[in-house]
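The values are calculated or read from the model by the stated rules, or taken from the named source; none is laboratory data. No experiment lies behind these values; they were computed from the predicted model shown. Don't worry about glycine lacking a Cβ; one is built from the backbone with ideal geometry, like all the others, and counts go over all protein chains shown.
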Amino acid sequence: MTPVSQIPFFCKKIPFVGSDRPNGKPFVCHSKPFVDSRLSRGFTLTELMITLAVAGILLTIAAPSFRGFLLANRLTTATNDLVADFQVARSEAIKRASSTIICKSTDGTSCTAGGSWSDGWIVFVDTDGSGTWSQTSGMEDIRVRTHGALSSGLSVDDSGGSGIVVFTRQGALGPATSPGSYVICSAALGKARTIEVSATGRTRVVEGSC
């Protein structure tokens with residue numbers, strides 16, 4: 001019979017392992033299984049403070065840029081909205097072969113004599129030809145669009161324009177409306193967009209400052 005000591009992979013002291021003990025204990029014998037004790041430590045207070053300081057510096061640098069981005073986006077959006085509604089009023093006048101008006105409106109239901117374009121405006125078809133919003137029986141004006149007040153911090157100077165802009169069935173400005181400009185200003189940003197409306201009813205945007 002072959003001695004036990006000569007059987008391959010067999011040991012009298014530690015069967016199936018070997019005659020010598022391993023250098024370290026198997027991981028299942030550690031107090032924290034599956035975890036290397038050398039890697040289990042967390043952040044030190046110094047490391048945490050350095051991380052917070054770096055994060056604060058990055059936030060300080062990024063915050064002004066992000067605020068500027070938001071202000072520029074609001075200015076662009078307001079400009080695009082007013083230009084789009086000028087174009088809608090013009091196209092509706094041509095399509096319906098009837099005078100179409102865009103005017104300042106603080107309540108979204110009628111034209112406002114005072115106030116500013118920053119308070120809002122409406123676009124409507126002047127069915128009865130009165131030159132302003134009205135609901136005459138049988139000749140009710142048709143509201144096409146309503147726009148609310150602009151974001152806080154934006155103002156509109158219409159000193160070169162008018163509170164009521166009339167487009168004829170040919171798409172040109174009506175006799176009572178002169179070509180003008182409407183300056184949308186962001187005081188916090190120090191930038192402005194000027195919307196110029198020509199006698200033919202076309203619009204053009206010019207960048208500037210305020």
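Among strands (runs of 3 or more DSSP E) entirely within the stretch 147-201, having at least 1 residues that are of a type in the set (S, T, N, Q) and out of contact with any Pro (no Cβ under 8 Å at 6 or more places or on another chain) singles out 154-157, 180-186, 191-197.
Residue count for the stretch 172-204 under the criterion of being loosely packed, with under 15 Cβ neighbours inside 10 Å, modelled with pLDDT of 95 or more and under 20 Å from residue 154 (Cα atoms): the result is 1. Would you confirm, using the coordinates I've provided, whether residue 111 is surrounded by 14 or more Cβ atoms within 10 Å (Cβ to Cβ) and either touching a residue at least 60 places away in the same chain (Cβ under 8 Å) or closer than 19 Å to residue 202 by Cα (or both)? For residue 111, the condition - surrounded by 14 or more Cβ atoms within 10 Å (Cβ to Cβ) and either touching a residue at least 60 places away in the same chain (Cβ under 8 Å) or closer than 19 Å to residue 202 by Cα (or both) - is not met. May I ask you to verify whether residue 100 is among the hydroxyl-bearing types (Ser, Thr, Tyr), within 18 Å of residue 161 (Cβ to Cβ), at pLDDT 95 or above and crowded, with 19+ Cβ neighbours inside 10 Å? Yes; evaluated as a whole, the condition is true for this residue. With respect to residue 59, is the statement that it is free of Cβ contacts under 8 Å to residues at least 40 places away in the same chain, of a type in the set (A, V, I, L, M, F, W, C) and either in a helix (DSSP H, G or I) or farther than 22 Å from residue 148 by Cβ (or both) true? So residue 59 passes the test.
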